[in-house]
Structures are given as C-alpha cells and as structure tokens.
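Below are the structure tokens for one structure; questions will follow.
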Amino acid sequence: MKRLRTSLIASALLALAACGHEPAAPKLPALPELQTLTVGAGADTTGRSWDGVVEAVQQADLTAQTAGRVTVVNVDVNDRVAKGDVLLRLTAVEQQAGVNTARAQLRAADAAASEAEANYRRYAALAGGQYVSRAQIDQARAARDSAVAARDAARAQVAQAGQQTEYTVVRAPFAGLVSARRVEPGESVAPGQPLMAVYAPGALRIEVQVPQSEADAIRVANRARVALADGRTVDAAEVVVFPAADPSTHSVGVRVTLPVMAKAPAPGVTAKVLFPISGVSPAAAVSVPVGALVQRGEVSGVYVIAGNRIGLRQVRLGQRSDERVEVLAGLKAGDVVAADPVAAVQALAAQRKAVEAGND
C-alpha cells in the first residue's frame, strides 16, 4: 500500500511538472546587417594622461618701474602690438626734475674737475724748479683725483635720472597680443604695480606635474599627444622632463611644447596631455569609439550583439583619448558591439516586430 501511494505521488508530480513547463522561446529572426566592431585589449588605451594649462612660451606681465600718474593708454585687450610700440605713458614731472638736477650737478662737478686738473698741472710745472714741496704736489694730485671721481658719480646720476624718465613710457617688449589691461588714464601707480600683460601667440606649451614614479617612463617615451578643450588632438612638438622633483609634492614637471597651429588655443585654457606609457592593467585595457556609446542621463552603455540577440549593456568609462574612450567595466576583449547606436535601436525594433508578426 505504501509503495502504491509513493508511485501515485511521483506520477502526480510528473504531471504537474509537465503542465507547468513553458513552451520554448521562439527562434529569433536574423538581425539586419549592422556595422559592428570587436572590442580588443590594447594599445589604443595604453597611456596615462594629466590635465594642464596652455601658456605662451613668450609672455610678460608689465609692471610700473617708477611712480607716476597714467596720462594715456594706447592699447586695449586683444590689440596686436609690435616690438617697441608705446603701450602707455606716465607723468614725468618728478623724473624730469631729477634729470635737470643731475645735469646741473654734473656741470658743477665737471668745472671742479677741470679746476683741479689745472692746479695739479701748475704744481707739476713748478716742481721741476723745486718751487713747491712734494707734499703740495701730492695734495694737488689728490684734489684732482677726487674731483674726477665726483664728476664720474655725477654722470652716473644723470644716467640714472634719465632711466627713470624712460620708465614713464611703457613699450611692448616683443610683438604679440595684449592679454590684460589693469590701469586707466588718471590712475596713480607705484613701482611694482601691474600695468599690462602681453604674450606672443606663436609658441605655446603646457606644463604638467606627474608622479616621480612615472617620470622615467615619460622620459624614455619622449612623446605625447595633447587633447584640446575644443576636441582637437595634436602631437607634441617637444617633451622635456625636468631633472629634479618638487620636494614639497614629490612630483616631476613635464613641459610639452605644442606645434604651430593655424588656430592656436588661447593661453589659460585647459588641455589633457596623454603620454604613451603603461597606465592600466591588460584586463581592463579595452576601449570603444566615442560614437558607439549611448548616454541615458548619467548612465553610459553600448549595444552588445551575441548571435541574433542585441541588448544594451551598462559600462563604466575611464580616460578619453582622441576619439576613443577607455572602458573600465562592462565589456571584455572579444565582445561585439554596434558601431552605430541608432542603427542598433532600429534593428532591435525590426526584430521585435518580426517576432510579434510570427506569433500572430
């Protein structure tokens, strides 16, 4: 009786399992032809990048070298200037008075030196006939030498006063663009006060601070690629790794010189410098083109294709270089992704429509 009951229970369970079994999923139709790419580990993302600021190789912050009041400002921001052009002028009343005083003192010192020279010559002529003592000749010689030294000092005072007068005219140190104007006519300035800033737009560079552990690898690679803020990428014309590290931050400076460009970036904008050195583990070193990404708010993803199936997969992104972006998680080498997300969505919709039509 017990054996019969067990057999009945087993039969009932098998019947229930058979009744609850869902029919096999219908075979999916083939996907329309899509442009795909195979994710590979590799060389496109082997590198490390740091952010830097574009600066002009030739730039100057002009400051006041004498006190005065601004009388005229000839240029403004974005104006092109040639070397030696007058940018602004200061009042020169005190400076000119100093020049006049120094010149008057020079004339007095010159007269005193001439008189001392004449006296010494007279004493020297009388010395042959022993009409004057040797002590008198020595005194005349000392007076002459003292007068000559005073005249030389007066000449130096004239040169110094003249230089102060020249400081009242501020000129462009080189040909370039005015990047800043910090004074207005009528404003009083003191020595050391900023007046203007000028830079030459031709030669540009970027200086970045890298960890000291990466300095040797960058020095060996001796090349870099710069991604500008407007999306352009250029190869660096020169890479210079500083020989010493900063003792406070233990980082090493790297100077990257930009090539000559028709539309050069403005100094002060940020840029990313990518050095071709090992920066990620081989397992994580996969990348995809930027055009293959799908952005849904703050979530990034790609359409992954496996046989006749296509699905959106979330990915975690890393560094961007040129037109590719590093994928830290969500993809592995060998995965096939759709190169065009829009075409992938259309293919997925067409496949679903074909399945619905087959069910009807």
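Taking H as built 1.01 Å from N, whose amide H comes closer than 5 Å to the amide H of residue 57, not counting residues under 5 places away?
Residues meeting the criterion, in which the H sits 1.01 Å from N, are 203, 204, 205.
Moving on to the next point. How large is the convex hull of the C-alpha atoms of the chain per residue, in Å³?
Measuring per residue, one finds 300 Å³ for the Cα hull of the chain.
Viscosity 0.890 mPa s, temperature 25 °C: what is the translational diffusion coefficient of the range 93-166 from Stokes-Einstein with a Kirkwood Rh over Cα pairs, rounded to a whole number of µm²/s?
In µm²/s, the coefficient is 181.
Please find, in a Gaussian network model of the chain (springs between Cα atoms separated by less than 10 Å), the residue of 273, 286, 73 whose mean-square fluctuation is greatest.
73
Which value in Å does the Kirkwood hydrodynamic radius of the range 64-210 take, with 1/r averaged over all unlike C-alpha pairs and then inverted?
Final number for the Kirkwood radius of the range 64-210 is 19.3 Å.
Test of understanding: express the Cα radius of gyration of the range 48-150 as a ratio to 2.2 N^0.38 Å, with N the residue count.
This ratio for the range 48-150 stands at 2.19.
Using only the alpha carbon atoms of the range 206-248, find the Kirkwood hydrodynamic radius as the inverse mean reciprocal pair distance, in angstroms to one decimal.
Roughly 11.8 Å, rounded to one decimal.
Read-outs: derived from the displayed coordinates by stated rules, not from any lab. Keep in mind it's a predicted model, so treat the numbers as computed, not measured.
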